[in-house]
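K.L.:
Can you keep this structure in mind? I'll have questions shortly.
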Amino acid sequence: MEEEVHGIVIVGGGICGLATALALHRKGISSLVLEKSETLRTDGVAIGVHANGWRALDQLGLATELRETANIITGYHNVWQQQSKSTIIPARHWRGAYQQEPSASAVTLQQLWQTLILMAATAPFLGVRTMDGSTIKANVLIGCDGANSVVAKYLGLGSPSHLPLLIMLGLTSYPHGHPFGTQFLRFAGNGFAVGRLPVTENLVHFFVSRPSPATGFTDESAAREYVLEKLQDCPDEIADMVRRCDAAETKTLTKVWYRSPWQVLLGRFQRGTVTVAGDAMHVMGPYIGQGGSASLEDTVVLARTLSRSVPDGVVVVDGNGSTRSRELQDKKISVALGEYVRERRARLFMLSLESYVIGTLRIAKSLLKKLACVAMLTLLGSESRRHANYNCGPL
Ligand SMILES: Cc1cc2nc3c(=O)[nH]c(=O)nc-3n(C[C@H](O)[C@H](O)[C@H](O)COP(=O)(O)OP(=O)(O)OC[C@H]3O[C@@H](n4cnc5c(N)ncnc54)[C@H](O)[C@@H]3O)c2cc1C
């Protein structure tokens, strides 16, 4: 089998991998994206993008087009059924909006490959073995391969944990318009939660979550039945929205992954010219809706720092430079990746901590634990969604 050599290889063609390729492309640096899935798919139904994510999308040149396809969320309406209590909080910035998952077609992409990555220590290059048995060598390897990343394992990061939570996600159409305005509703019932996010005047995204029983579920439809049992406790408006959802656009997650804040704080995110971004680096529970936006921030910071080490945009590989110049460049790239990791770590630690504390609060039984979580969330500015204020800076 023939061997190929590339300057930069990105493993994973999800939001983060494609955005990384685009960010590098906008800095004049080419890369190769390897994706194991043969087809484009909409795995997660939809995601919310906060103001910080929109800032990153602006830098990637995607925001203008995407803004045209979704409404802006103007506020958060929280309802606690048992306490008969509700609050309305304005969205932190008018640019904080809800958006269906961007389609891959919005991204310029060098190449998609069906692949399974096996790390082979073939110094000085990194070896990537594809499913057809061929080997691709790279100077720089960026793992954007999601929660169960093989690149993260290569770096020595521990496996992520999973939350004791089942989540059903879906979309419901209202051909004559829905009456929900532009507010994100979070409804907390007895042992379940519902989220409702208007996407357009005619389309609403929702999620229903319920703690999983100790025995767990491996079968998606059984898990869905279990989650839907709670519909009888919901107001009619919510139950109706879930019942009439588009069945083809629903998904029930039986495993929701997260990397602990301590791993994010202390874990090894770089080894020479290998690093990770997106869920591979910091998969977090869905409680603050920041995993995707944080991944977009990663890509802007990564491309910005990496481009400083390759000012002319050319990553030297054998054949377009001497071994010596390649080694010198690899050293500079390694320093740049170190800067990227340093810049991201504090931000990602705060996000994963906030998400972790909310998750802990949801399942906490002791009053003391609950109070500690509430105090921590107050410190983190969770209620005001301070995390959405972040600006990752220019590309
Ligand atoms: C229920 C839920 C709700 C969420 N809501 C929000 C939200 O509202 N807002 C938000 O910002 N975020 C949200 N998130 C998080 C967000 O979906 C993720 O953070 C984001 O999708 C991560 O993108 P990624 O590209 O890093 O990983 P992924 O989307 O997992 O993509 C990884 C890609 O790598 C490929 N891959 C994996 N292994 C290999 C391999 N060995 N070789 C080649 N390719 C490989 C996979 O096929 C996949 O295409 C939510 C997550 C969940 C679970």
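K.L.:
Output the relative contact order of the range 161-257, whole-number percent, from Cα pairs under 8 angstrom with separation of 6+ residues.
P.N.:
Normalised by residue count, the contact order of the range 161-257 is 42 percent.
K.L.:
Test of understanding: what is the full-extension gain from T323 to W80, defined as 0.36 nm times their sequence separation minus their Cα-Cα distance?
P.N.:
81.1 nm
K.L.:
Turning to a different aspect of this structure: Provide the percentage of antiparallel DSSP beta bridges, counting only those with both residues in the chain; round to the nearest 5.
P.N.:
The antiparallel proportion sits near 70 percent.
K.L.:
Just to verify a number: FRET efficiency for S260 and A346, C-beta to C-beta distance, R0 = 25 Å, to 0.05?
P.N.:
In this case the efficiency is close to 0.95.
K.L.:
Can you give the extra length, in nm with one decimal, that the chain gains between V335 and L377 once fully stretched, where that is 0.36 nm per residue apart less the Cα-Cα distance?
P.N.:
11.6 nm
K.L.:
Name the residues of the range 277-306 whose amide N is less than 15 Å from a point 7 angstrom out from the Cα of K365 along the C-beta direction?
P.N.:
Output list for this probe position: empty.
K.L.:
I've got another one for you. Helix hunt in the chain: which complete DSSP H runs extend at least 24 Å axially by C-alpha with mean Kyte-Doolittle at least 0.0?
P.N.:
291-309
K.L.:
Can you tell me the FRET efficiency between E229 and E38 if r is taken as the Cβ-Cβ distance and R0 is 30 Å, rounded to the nearest 0.05?
P.N.:
0.25
K.L.:
Now, a different point. Straight distance only, please: which aspartates and glutamates reach the Cα of K331 with their own Cα at less than 13 Å, same-chain residues fewer than 8 apart left out?
P.N.:
The qualifying aspartates and glutamates are E339.
K.L.:
Go through 301-313, 216-228 and give me the packing order, highest mean Cβ count within 10 Å leading.
P.N.:
Highest-to-lowest ranking by the protection proxy: 301-313, 216-228.
K.L.:
Convex hull volume of the Cα atoms in the range 256-341, per residue, in Å³?
P.N.:
Cα convex hull per residue, to the nearest whole number: 98 Å³.
K.L.:
Does the range 261-311 come out rounded, prolate or oblate, given a ≥ b ≥ c as the square roots of the eigenvalues of its C-alpha gyration tensor, rounded meaning a/c under 1.5 and, failing that, prolate meaning a/b above b/c?
P.N.:
Oblate, because a/c is 1.5 or more while a/b does not exceed b/c.
K.L.:
Evaluate Rg over Rh across the chain, taking Cα atoms for both radii and Kirkwood's formula for Rh.
P.N.:
The Rg/Rh ratio comes out at 0.98.
K.L.:
What full-extension length gain, to one decimal in nm, is calculated for R271 and S221 as 0.36 nm per residue of separation minus the Cα-Cα distance?
P.N.:
Full extension from R271 to S221 adds 13.9 nm.
K.L.:
Once you order the gyration tensor axes a ≥ b ≥ c over the Cα atoms, which shape class does the range 291-391 get: rounded for a/c under 1.5, otherwise prolate or oblate by comparing a/b with b/c?
P.N.:
Prolate, because a/c is 1.5 or more and a/b exceeds b/c.
K.L.:
Can you pick out the pairs among K153/K370; K85/K365; K153/K365; K251/K332; K36/K365 whose Cα atoms lie more than 32 Å from each other?
P.N.:
Pairs exceeding 32 Å: K153/K370; K153/K365; K251/K332; K36/K365.
K.L.:
For the range 161-257, compute Rh as the Kirkwood radius over C-alpha pairs and then the Stokes-Einstein diffusion coefficient at 25 °C and 0.890 mPa s; write the answer in µm²/s, rounded to an integer.
P.N.:
179 µm²/s
We did not get these values from a lab; they are worked out from the coordinates using the rules stated. All values derive from a computational prediction rather than experimental measurement. Every residue, glycine as well, gets a Cβ built from its backbone with ideal geometry; the counts of neighbours run over all protein chains shown.
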